[in-house]
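Single-structure report; data block below.
Values in this text are rule-based calculations from the coordinates and carry no lab data. Model, not experiment: these values are computed from the prediction. FYI the Cβ positions are ideal-geometry reconstructions off the backbone, even for glycines, and counts take in every protein chain you see.
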Amino acid sequence: MKKYTYSLDRISEIAKELKEDIKDCKILAFSGPLGAGKTTLIRELLSSMGVPVQEIISPTFNYVNIYKDNFGRRIYHFDLYRINSINEFLQAGFDEYLNSGDLVLIEWPEVIKPLLKNKTCWISIDYEGQDKREISLNFL
């Protein structure tokens, strides 16, 4: 496990450092309380991969957004906040994305945890005060 503690004004630097630590991961599972900064961290990570910032939005209402990095590789960004069960996830056909070989970023992954096995990096974000966050990175 690796931990980062950072102030919100350093999020770009932390995202670049985190990008190096997760380079072997195919699935990034982001957990943490509402408003902790999951989408903000994802936005910074994607931006560091060459995705135009204006294209990066939370997929809360459509569940998944698809981006391309500066090499043309696909990146899938899920927000599972409104998914209530593994069955609902599977019925939507979203499990195909997990096995695509492309990078998959998932906010609120707990509901599908049994499906997340190979090369998944678990990134937990929590509050460390009003302007600080702590990130814990686990490779499972």
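Mean separation of Cα pairs under 8 Å and 6 or more residues apart, divided by the residue count, gives the chain a relative contact order of 37 percent.
A convex hull fitted to the Cα coordinates of the range 2-139 yields 103 cubic angstrom per residue.
Against the longest principal axis of the chain, how steep is helix 11-21, in degrees 0 to 90 to the nearest 10, with axes from Cα atoms? Value to nearest ten degrees: 60. Kindly express, to the nearest 10 degrees and within the range 0 to 90, the angle between helix 38-48's C-alpha long axis and the longest C-alpha principal axis of the chain. Here the helix axis deviates by roughly 80 degrees.
Antiparallel beta bridges, as assigned by DSSP with both residues in the chain, represent about 55 percent of the total such bridges. Among residues other than LYS68 with Cβ under 14 Å from its Cβ, the summed charge is -1 (Lys and Arg +1, Asp and Glu -1).
Solvent-free Debye calculation, one equal scatterer per alpha-carbon of the range 88-137: log10 I(q)/I(0) at 0.27 Å⁻¹ equals -1.13.
Taking the helices alone, the chain has a mean residue ellipticity at 222 nm of -6000 deg cm²/dmol, built from -39,500 (n - 2.57) per DSSP H run of at least 4 residues and averaged over all its residues. Seen from ASP102, the other residues with C-beta closer than 13 Å to its C-beta sum to a net charge of +3, counting Lys and Arg as +1 and Asp and Glu as -1. Maximal additional length on extending the ASN62-GLN130 stretch stands at 21.5 nm, based on 0.36 nm per residue less the C-alpha distance.
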